[in-house]
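Below: the structure, in structure tokens.
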Amino acid sequence: MAADDDDCAMPAICVMVFNANDPCGAGGLAADVAAVASVGGHPVPVVTGTYARDSAEIVDHYAFDDDVVAEQARSVLEDMTVQAIKVGFVGTPENLSTIAEIATDYADVPVIAFMPDLSWWRDDLIDQYHDAFRELLLPQASVLVGNHSTLWRWLLPDWSSERPPSARDLAMAASEMGVPYLLVTGIAAADQHIDNMLVSAQSVLGSGRFERFNATFIGAGDTLSATLAALVASGSDLGEATSEALTYLDGCLEHGFRPGMGHVLPDRMFWAQPDDDDDNDEDPGPDFPGFDLPPHDTQH
């Protein structure tokens, strides 16, 4: 028997993700779709191009035209209510401009922006992309997510101190471009641990420390940022969403697998596997204070 429309009227938590297709399933749209769905959201994927890659390395990237990206996104936005937007690697300054225009038109929707490591790309293309991201998208972003070393090279390229920049140093640089919150991952800590910090220009808002895994992962950043976007979309405050997203990522990495001859991929569906451990012994994860995420239009 077919379901009645009224029986299917439960409100959906829709997360629009702009990203490239990753044919090996490590990151890109594959990571976004799996992560958003795993935490109860409905992924609304807009493909901005595709990588040519395997699980060991990125060979190349082919971007879609910006009008194709715009038509995909606007067609869905005229039909569905989207509660959050996640932006991954979209390939060109033109695509970034299109996404920034869309974000402006939906100013009440929080934007989670992720900056991946682009060291595989040509230097001139990296510079153009970084400049466009800084000028066009960061003023729209509610939260910027990135690895400490990646954000350091991008946001503070002239850093001259003997000590590495702190997460707050990076947040102060990002705040000059209108970004209120920064989630910095992969900060080296003592005893084979890494720190992940949610910061603003004014203070450290929360920190989650996890044991370093003896493996090289790909796709972790897309997984974390998409999960964060979905949890924010579901109504969680930013502190709670960050804690849950980091705990989920830690589980994905702990259950990581190597499907090819390259690096390890996060298992974003680890929670669906049989588990003989006592649930009562689970680590509750990092504790972040609760606070609301402001709409990104306040940054203009």
Positive minus negative residues near V44 (Lys, Arg vs Asp, Glu; Cβ under 11 Å):
-1
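Quick one: net charge of F257's neighbours, Cβ under 12 Å, K/R +1, D/E -1?
Numbers: positive: R258, R268; negative: E254, D267.
That sum, taken over residues with Cβ under 12 Å, equals 0.
To the nearest 500 deg cm²/dmol, what mean residue ellipticity at 222 nm is calculated for the chain from DSSP H runs of n ≥ 4 alone, each contributing -39,500 (n - 2.57), summed and divided by the residues? Please list the in-between numbers first.
Working: 8 runs with 94 residues, N = 300.
Using -39500 (n - 2.57) per qualifying helix, the result is -9500 deg cm²/dmol.
May I ask for the net charge around V145, where only other residues with Cβ less than 13 Å from the Cβ of V145 are counted and Lys, Arg are +1 while Asp, Glu are -1? Could the numbers behind the result be given before it?
Values: positive: K86; negative: D32, D117, D222.
Taking every Cβ under 13 Å from that of V145, the sum is -2.
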Matching label for the computed Kirkwood radius over Cα pairs in Å, out of (1) 23.0; (2) 20.3; (3) 19.5, is (3)
Rounded, prolate or oblate: which fits the stretch 71-177, taking a ≥ b ≥ c as square roots of the Cα gyration tensor eigenvalues, rounded meaning a/c under 1.5, else prolate when a/b beats b/c?
prolate
Shape of the stretch 143-235 from its Cα gyration tensor (a ≥ b ≥ c, root eigenvalues): rounded if a/c is under 1.5, otherwise prolate when a/b > b/c, or oblate?
oblate
Please state the shape class of the stretch 57-114: rounded when a/c is under 1.5, otherwise prolate if a/b exceeds b/c and oblate if not, all from the C-alpha gyration tensor.
prolate
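Could you tell me what percent of the DSSP beta bridges with both partners in the chain are antiparallel, to the nearest 5? Kindly include the intermediate steps, with their values, before the conclusion.
On the way: 19 of 42 bridges.
About 45 percent, rounded to the nearest 5.
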If I ignore ligands, DNA and RNA and count only protein heavy atoms, how much of W121 is accessible to a 1.4 Å probe, in Å² to the nearest 10?
40 Å²
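Ignoring GluC sites (Glu not before Pro) that are buried or in helix or strand per DSSP, and keeping those with at most 16 other beta carbon atoms within 10 Å, what is the longest stretch of the chain between them? Could the numbers behind the result be given before it?
Details: sites that count: E57, E78, E162, E176, E282.
So the longest stretch without any such site is 177-281.
The values are calculated or read from the model by the stated rules, or taken from the named source; none is laboratory data. Being a predicted model, the structure only gives us computed values, none of them experimental. Ideal geometry is used to build each Cβ from the backbone, glycine not excepted, and the neighbour counts take in all protein chains shown. Surface areas here come from the heavy atoms of the whole protein model, side chains and all, with no ligands, DNA or RNA. Shrake-Rupley method; radii C 1.70, N 1.55, O 1.52, S 1.80 Å.
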